[in-house]
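Since the structure comes first, as structure tokens, the remarks are kept for the end.
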Amino acid sequence: MSTPSPTDPLSQLRIDRSHGARRPRRKRWPWVVGALVVVVAGLAFMAANRPVQVQAATARDAADPANASLLDASGFIVARRIATVSSKTTGRVREVLIEEGQRVEEGQVLATLDPIDADAQRALAEAQLAASQSQIAQVEAQLVEAEASARRLSSLVKDRLVSRQQYDQAVAQRDALRASLLSARRGAEVAGRQRDVAAIGVDNTIVRAPFAGVITAKAAQPGEIVSPISAGGGFTRTGIGTIVDMESLEIEVDVNEAYIGRVQPGMPVEAVLNAYPDWKVPAEVIAIIPAADRSKATVKVRIALKLSDAKIVPDMGVRVSFLEKAVPGAAKPTGVWVPSRSIRLAEGETAAKATRGTVFVIDGNAAEGTAQAREVALAEARDSDRRVASGLKPGERIVDDASKIEDGQRVVVADAKAKAAK
């Protein structure tokens, strides 16, 4: 077939596609990858510069006697004089005269029981005493007559006006009446003592305070049955209330037996109640109980409080610091005390041999700042604390745990942030 000529009318009807040919597409994936790299880098930068939440510790002046703690322990406030007051006899409660928190004095009436049975016993004892006394009067009258008869017959028997047998019978009757009188008097004495016992029974229906103190629990109500011993059924009360002598409050703490050698009777103690963390209560070691708890490997220590305050109540939690006794003329320690965990040691060094370390000082306001690494000289260790001989000043804030922080990292102080939120 011959090629159409350009002038051929049919060739003019052909569509020319040379100008509409597809252009090659531009590659877009390098731009997408570049954008992802920029985003990832931005996120990494933000993560690296995001503040880390930390706990802060304050460097404590080693020369301050309040910071001269040889050992720290925790325990509770206890009362050496505490009693659950009950009646001496079983009976029904007539009235209760106490309430929780009430101050009572020694001998004050706390409650009374129904005295019907006790009153009946006393009335019976008094009637028996009266009968014994009447019997004594009767025997005494008979004895007077018998003695007069024996005297009269004694003079008649001499004159042989009466027989000897009559006289002997009069003497025997007189002696028998004397014995009866002695027995009657002893019976009256017994009846009198029975009356006294019955009176004690009446007095036992009145419940009194054994010592001065504060009522901490009211256990009985009018109409209930109380008994000094448990009935076992759960329906009988065994006490009227609990009274505590607030003047006998002291502290009991359990000290690890590995450190009990640091504690000595008479050494000063600083106590801080969990309920009042900013209140430091002076105290003193009373005694070390000479027995160990094998399950906890601890030894109990008794500590006397040097002040009395209504805010101190039994069973409160308390933290104590056993302080070193001040020696006149002794040189004061230098440096500051910090938690041992706030010090980062060089790789391979042990806490026992390390003389240098790094702490991270918080540079900023109370709630946030920057952790700045600072090299310090280390001295002796004490429980969970370490003395920094130089490199830190008292009152400076440092990161409490140096294991999760780096130099220059931004930090947020957790406690300060929480307090600011409040």
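The values are calculated or read from the model by the stated rules, or taken from the named source; none is laboratory data. Just so we're clear, the structure is a prediction, and the values are computed from it rather than from any experiment. Neighbour counts run over all protein chains shown; Cβ positions are idealised from the backbone, glycine included.
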Query raised in the report: If we keep just the residues of the stretch 117-173 that are surrounded by 16 or more Cβ atoms within 10 Å (Cβ to Cβ) and among the small types (Gly, Ala, Ser), which is nearest to Arg185 (Cα to Cα)?
Result: Ser132
Report summary line: Output for Cβ contacts, cut-off 6 Å, separation at least six or different chains, first residue in the same structural domain as Val139 (by TED's automatic domain parsing) in the stretch 163-190, second aromatic (Phe, Trp, Tyr) and in a loop (DSSP other than H, G, I, E, B), reads none
Report task. Take the residues in the stretch 225-278 that are surrounded by 12 or more Cβ atoms within 10 Å (Cβ to Cβ), closer than 20 Å to Lys88 by Cα and not hydrophobic (A, V, I, L, M, F, W, C), then tell me which one is modelled with the lowest pLDDT. Result -> Thr236
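Given the criterion at pLDDT 90 or above and surrounded by fewer than 12 Cβ atoms within 10 Å (Cβ to Cβ), identify the matching residue among Lys300, Lys332, Lys311. Break it down into steps so the answer makes sense when it comes.
On the way: Lys300 fails: surrounded by fewer than 12 Cβ atoms within 10 Å (Cβ to Cβ); Lys332 fails: at pLDDT 90 or above.
Result of the check over Lys300, Lys332, Lys311: Lys311.
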Requested in this report: Go through (1) closer than 30 Å to Gly91 by Cβ; (2) of a type in the set (Lys, Arg); (3) surrounded by 17 or more Cβ atoms within 10 Å (Cβ to Cβ) one by one and return the number of the condition Arg193 breaks.
Outcome: (3)
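Quick check: anything in the stretch 389-400 crowded, with 16+ Cβ neighbours inside 10 Å, of a type in the set (Lys, Arg) and in contact with a helix residue (DSSP H, G or I) (Cβ under 7 Å, 6 or more places away or on another chain)?
Taking the stretch 389-400 as the starting set, the residues that turn out to be crowded, with 16+ Cβ neighbours inside 10 Å are 389, 391-392, 396-400.
In the following step, the residues that additionally are of a type in the set (Lys, Arg) were identified as 397.
From the residues that got through so far, the ones that are in contact with a helix residue (DSSP H, G or I) (Cβ under 7 Å, 6 or more places away or on another chain) too are none.
No, because not a single residue in the stretch 389-400 is crowded, with 16+ Cβ neighbours inside 10 Å, of a type in the set (Lys, Arg) and in contact with a helix residue (DSSP H, G or I) (Cβ under 7 Å, 6 or more places away or on another chain).
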